[in-house]
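Student: Right, I'll just put the structure down here and ask away after.
The values are calculated or read from the model by the stated rules, or taken from the named source; none is laboratory data. These numbers come from a predicted model, not from an experiment. Positions of Cβ are generated from backbone atoms using ideal geometry, with glycine treated the same way; all protein chains shown enter the neighbour counts.
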Amino acid sequence: MTGADTILHMQGITKTFPGVKALQDVNLDVRRGEIHAICGENGAGKSTLMKVLSGVYPHGSYDGEIIFDGEPCRFSGIRDSESRGIVIIHQELALAPNLSIAENIFLGNEQASRGLIDWNKTNAAAAELLRRVGLRENPTTQVLDLGVGKQQLVEIAKAVSKRVRLLILDEPTAALNDEDSEHLLDLLRGLRDEGITCVIISHKLNEVMAIADRVTILRDGRTISTLSIVEDEVTEDRIISGMVGRDLDHRFPPHEPQIGEEVLRIEDWTVHSPTQHGRVVVQGANLSVRRGEIVGLAGLMGAGRTELAMSVFGRSYGTDISGRVFKDGQEIHLRSVREAIDHGIAYATEDRKRYGLNLIEDIKRNVSAAGLRKLAKGGWVDDNEEFKVADEYRQSMNIKAPSVASITGKLSGGNQQKVVLSKWIFTDPDVLILDEPTRGIDVGAKYEIYTIINRLADAGKGVLVISSELPELLGLCDRIYTLSEGRITGEVSRADATQEGLMTLMTIGQEVAR
Amino acid sequence: MTSVAPTNADLALGTPSASQPGDSPRRFNFNLRQSGIYIAFALIVALFTVLTGGDMLAPQNISNIVVQNSYILILAIGMIMVIIAGHIDLSVGSVVAASGAFAAVMMVDWGLPWPLALLITLIFGGLIGAWQGYWIAYFGIPAFIVTLAGMLLFRAVTLLILGNRGIGPFPDEVRTLANGFTDGYLGNIGLGALGGADLFSILVGLVAVGAIVLTQWRTRKARQNYLQAVEPLSLFIAKIAIAAVILMFVIVQLARFRNLPWVLVLLAALVIGYSVLTNRAVFGRQIYAVGGNLQAATLSGVKVKSVVFWLFVNMGVLAAVAGIIFAGRLNQANPTAGNAFELDAIAAAFIGGAAVQGGVGKVVGAITGGLIMGVINNGMSLIGAPSEQVMLVKGAVLLAAVAFDVWTKRRAGASR
């Protein structure tokens, strides 16, 4: 089995948690010097498999065999696997924000002589590593001054400093914009040419197609197949059908919009940054949403999409906000989140773990969080009614959990997102602003979320969808606004919209602004 | 409020999920962290009962434990709510002293009628809480700092009020509240080998048991009406029976001694009131939401600042209650009153299941945590252990309780 060109061979891996078989007889072969993608829905076992490989789950807590570079491995922790040259970079980056780039790179591996850190050596070595990963920053720069994309590169530089031979990246581009993603993928190709093998977990199939040599598909904790992108003539649809176990003719549910009266209009909306004095984040934005309409808001990272939405939603973001908001033709003033909710406006955040959910609480208390007053009489909550309401959402939204008393922190991303949507639908809003509603969730759950969005529109609600994924906006929205550097730069109907056209509008304003 | 959701819920995916395997409406997950505290309490009581040859559960000793720990338990109620919201209050000991001192000055020096003086003292406590709540909630200074400053400030206020002397004695009514017992309104009844006991106390106990049975039964019925799974009837009966036996045992022992301490009546009212508040009131729910995820609570329309502000006002009022009880018990307000009470109250909350990060905890848990410390204090002094040993054991118990919390959490985290 273990061919000469196989660097990693995982054989018959089975990992059981109380009540759940997370991995069942999984096999993975990675060839030396290839980029190997692992695809699967959330909960398919990708992360668990990588945790087994990197020693997070130590030898003995799983069944099966790991052979790395011809030798069987029994890792008892991450240090073991790192000493063999296996480095994992997690989705949530693990850098110390207040330390410099160089300090982060050599954290735990300090360049010391006689017990004292040799700063010249540290910074010089860091500079060399930064050059290799193509990051033009001073090694003494604090990490908190870097964007997410650059932080990712620091992580990779850190891995390279550990003489990495097998680099594992868990959703490396989930938080990156297109430009940074492209740069990262180029870097991975470069590392491949230097002989570093990469395993990449990604939901973005176009990236997988662009970068991977081979792909292994997992579903429900089992290996479905390993395919060579070129030789097997793999297409995105083929990967998708392997992941979900069925053919998806359409990635977007069909939808006939029934568009009614205007429900929300924003006029001349200007927002200033709360941290950088005087910086304009949103400038003179005008937009409107009609009942039954799904409107997209496209923009690159930092264009001000979230800032626009949150400043409208009860001034949750920004200072020195000016402009007017009209609901059903009447001007309204939203000075707090409470007032926004009372006026029938809902905002589902782009970062559900940090801003959307109380992860230590159960599903029912999260579902009721924003509309608790609907369940209360005289300040007292009817918890039986709460249970009933939450259970209805559990069923109608297809939240996969044994009960509404399940803790939300233990749900998969897609199910967490359904809890967030349930919470806002329960407030009975007229307008829903959905910020990256499908970020980090798998293909099957995305389809379900799209279906929910369509139904909301069909029920006469206005929906404003913010997304970084242009295909998603094109597949879902009736009308799309583009935002660039805080200005609305275009408004395109579904029929006229193309990825190229939108991208032009999303970047055109930058030249105008300069 | 018959049906709030269906019209909205129906909007979602029209096809209800086919039942997943193991998709029972409600699974019983035995929460070790929350239940462990009661088991630990039972074991500690059992241990000291054996070590003291039964003196631990003697009528007078049970009464002593209740009376001696009442003010810490009252503080623990407020403290757990503050901790659930993710804050801390280091000033309560000083607030206890300041409010006791102020009450004494009003009653003894100024001769105000005691009910008026008590009311003003509670308002005084509330104002102190409002002062601290303002800096924490609206000005954004961490509670640790504000209440550390408060610890010094209100100790200084105490010294200013008292001028470094003790003030007393208190009116009889206040002393009775702090240190007294219900009268034998209905006389005694014989309990065979146990001797005579106060009939009124026993009747109160029986009414309490009846109330527990009734409310638990109604809760169970209501859940069944909503088609929620409930625990098996046998388990339900067993739990209630155990609770009833323990309650009646305590009551009978108290009835054999000097009847019900008034502070126990007060404490029972506070525990019931605050348990209902934290479990069922919108305000109570918001405390958990704020502590669980501040940003998510803010974006769900919770007025976070106002919640935190009122929590500290509440803490101040409860500290004033504790201050009155403590001063009344000693029959004197003195400058060193309440020293290190904040540490006992904080320890009670953490032993009782609060999480360091906030968002978790129960009033009953904090009371149990406070009683665990009280029982250790009491039991060790009964067996004549020196005070350094008592401190050692209390420190170890606090550390063990939080270590257990962290350990169970890590285990839960690893299972995903």
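Student: When region A:77-94 is examined, which residues are found to be in a loop (DSSP other than H, G, I, E, B) and at pLDDT 85 or above? Quick ask: steps written out before the conclusion?
Tutor: Within region A:77-94, the first condition is being in a loop (DSSP other than H, G, I, E, B), and the residues that meet it are A:77, A:84-85, A:90-94.
Within region A:77-94, A:Gly77, A:Arg84, A:Gly85 meet the criteria.
Student: Can you name the number of the only condition in (1) in a helix (DSSP H, G or I); (2) of a type in the set (Gly, Ala, Ser); (3) modelled with pLDDT under 95 that B:Ala355 fails?
Tutor: With respect to (1) in a helix (DSSP H, G or I); (2) of a type in the set (Gly, Ala, Ser); (3) modelled with pLDDT under 95, B:Ala355 is out only on (1).
Student: If we scan region B:144-164, do we find a residue that is farther than 30 Å from B:Ile88 by Cβ and either free of Cβ contacts under 8 Å to residues at least 24 places away in the same chain or assigned by TED's automatic domain parsing to the domain that holds B:Ile84 (or both)?
Tutor: yes
Student: I want to confirm something. Restricting to region A:248-283 and keeping residues that are among the basic types (Lys, Arg) and surrounded by 14 or more Cβ atoms within 10 Å (Cβ to Cβ), which single residue is nearest to A:Thr306 (Cα to Cα)? Before the answer, list the steps.
Tutor: To start, the set of residues in region A:248-283 that are among the basic types (Lys, Arg) comprises A:251, A:265, A:279.
Among the residues that remain, those that are also surrounded by 14 or more Cβ atoms within 10 Å (Cβ to Cβ) are: A:251, A:265.
Working: A:Arg251: 25, A:Arg265: 17 Å.
Looking at the filtered set, the residue picked out is A:Arg265.
Student: Right, next: Scan A:Ile466, A:Ile425 and give me the residue that is facing another protein chain (nearest Cβ under 9 Å) and either among the acidic types (Asp, Glu) or under 21 Å from A:Glu262 (Cα atoms) (or both). Reasoning before the result, please.
Tutor: Details: A:Ile466 fails: facing another protein chain (nearest Cβ under 9 Å).
Answer to the selection: A:Ile425.
Student: Tell me, please, whether a residue that is farther than 30 Å from A:Gly304 by Cβ and within 9 Å of chain B (Cβ to nearest Cβ) can be found in region A:353-361. Outline the logic, then answer.
Tutor: So in region A:353-361, the residues farther than 30 Å from A:Gly304 by Cβ come out as A:360-361.
With within 9 Å of chain B (Cβ to nearest Cβ) added as a condition, the list becomes A:360-361.
Yes.
Student: Since B:Leu227 meets every condition but one in (1) touching a helix residue (DSSP H, G or I) at 6+ places or on another chain (Cβ under 9 Å); (2) closer than 30 Å to A:Val389 by Cα; (3) hydrophobic (A, V, I, L, M, F, W, C); (4) without any contact (Cβ under 8 Å) to a residue 60 or more places away in the chain, which condition does it not meet?
Tutor: Single failed check for B:Leu227: (4).
Student: So, in region A:292-315, of the ones that are away from chain B (no Cβ under 14 Å) and part of a loop (DSSP other than H, G, I, E, B), which residue ends up modelled with the highest pLDDT?
Tutor: Per the criteria, the residue is A:Glu293.
Student: While we're on this one: Please pick out the residue among B:Leu194, B:Leu214 that is at pLDDT 90 or above and farther than 18 Å from B:Ala101 by Cα. Working first, answer last.
Tutor: Working: B:Leu194 fails: at pLDDT 90 or above.
Criteria check complete, one pass: B:Leu214.
Student: I've got another one for you. Going through A:Ile240, A:Ile259, A:Ile266 one at a time, which residue ends up being out of contact with any Leu (no Cβ under 9 Å at 6 or more places or on another chain), β-branched (Val, Ile, Thr) and touching a residue at least 24 places away in the same chain (Cβ under 8 Å)?
Tutor: Exactly one residue qualifies, and that residue is A:Ile259.
Student: If a residue must be buried (at least 19 other Cβ atoms within 10 Å of the Cβ), farther than 22 Å from A:Asp435 by Cα and among the small types (Gly, Ala, Ser), how many such residues does region A:353-395 contain?
Tutor: Within region A:353-395, residues that are buried (at least 19 other Cβ atoms within 10 Å of the Cβ), farther than 22 Å from A:Asp435 by Cα and among the small types (Gly, Ala, Ser) number 2.
Student: Follow-up question, since we're still on this one. Being farther than 26 Å from A:Lys446 by Cβ, part of a strand (DSSP E or B) and touching a strand residue (DSSP E or B) at 6+ places or on another chain (Cβ under 9 Å) is true for just one of A:Val282, A:Val215, A:Val263, A:Val199. Which residue is that?
Tutor: Numbers: A:Val215 fails: farther than 26 Å from A:Lys446 by Cβ; A:Val263 fails: farther than 26 Å from A:Lys446 by Cβ; A:Val199 fails: farther than 26 Å from A:Lys446 by Cβ.
Result of the check over A:Val282, A:Val215, A:Val263, A:Val199: A:Val282.
Student: Please go through region A:344-396 and give me each residue that is among the polar types (S, T, N, Q) and either assigned to a helix (DSSP H, G or I) or touching an Asp or Glu at 6+ places or on another chain (Cβ under 7 Å) (or both), ordered by number.
Tutor: Taking region A:344-396 as the starting set, the residues that turn out to be among the polar types (S, T, N, Q) are A:349, A:358, A:366, A:368, A:384, A:395-396.
Listed by number, the residues that qualify are A:Thr349, A:Asn366, A:Ser368, A:Asn384, A:Gln395, A:Ser396.
Student: Which one of B:Ile237, B:Ile251, B:Ile272 is in a helix (DSSP H, G or I) and crowded, with 16+ Cβ neighbours inside 10 Å? Explain how you work it out, then say what you get.
Tutor: On the way: B:Ile237 fails: crowded, with 16+ Cβ neighbours inside 10 Å; B:Ile272 fails: crowded, with 16+ Cβ neighbours inside 10 Å.
The conditions single out B:Ile251.
Student: For region B:361-416: of the residues being within 19 Å of B:Leu75 (Cβ to Cβ) and part of a loop (DSSP other than H, G, I, E, B), which is farthest from the other protein chains (Cβ to nearest Cβ)?
Tutor: The residue in question is B:Lys362.
Student: Oh, and also: Could you pull out the residue among B:Ser234, B:Ser275, B:Ser201 that is in the same structural domain as B:Leu318 (by TED's automatic domain parsing) and of a type in the set (S, T, N, Q)? Talk me through it step by step, then tell me what you get.
Tutor: Details: B:Ser234 fails: in the same structural domain as B:Leu318 (by TED's automatic domain parsing); B:Ser201 fails: in the same structural domain as B:Leu318 (by TED's automatic domain parsing).
Of the residues listed, the single one that is in the same structural domain as B:Leu318 (by TED's automatic domain parsing) and of a type in the set (S, T, N, Q) is B:Ser275.
Student: Could you tell me which residue of region A:316-351 is surrounded by the most Cβ atoms within 10 Å (Cβ to Cβ), considering only residues that are among the aromatic types (Phe, Trp, Tyr) and within 14 Å of chain B (Cβ to nearest Cβ)? Lay out the reasoning, then the answer.
Tutor: Of the residues in region A:316-351, the ones among the aromatic types (Phe, Trp, Tyr) are A:317, A:326, A:347.
Checking which are within 14 Å of chain B (Cβ to nearest Cβ) leaves us with A:317, A:347.
Numbers: A:Tyr317: 20, A:Tyr347: 29.
My answer is A:Tyr347.
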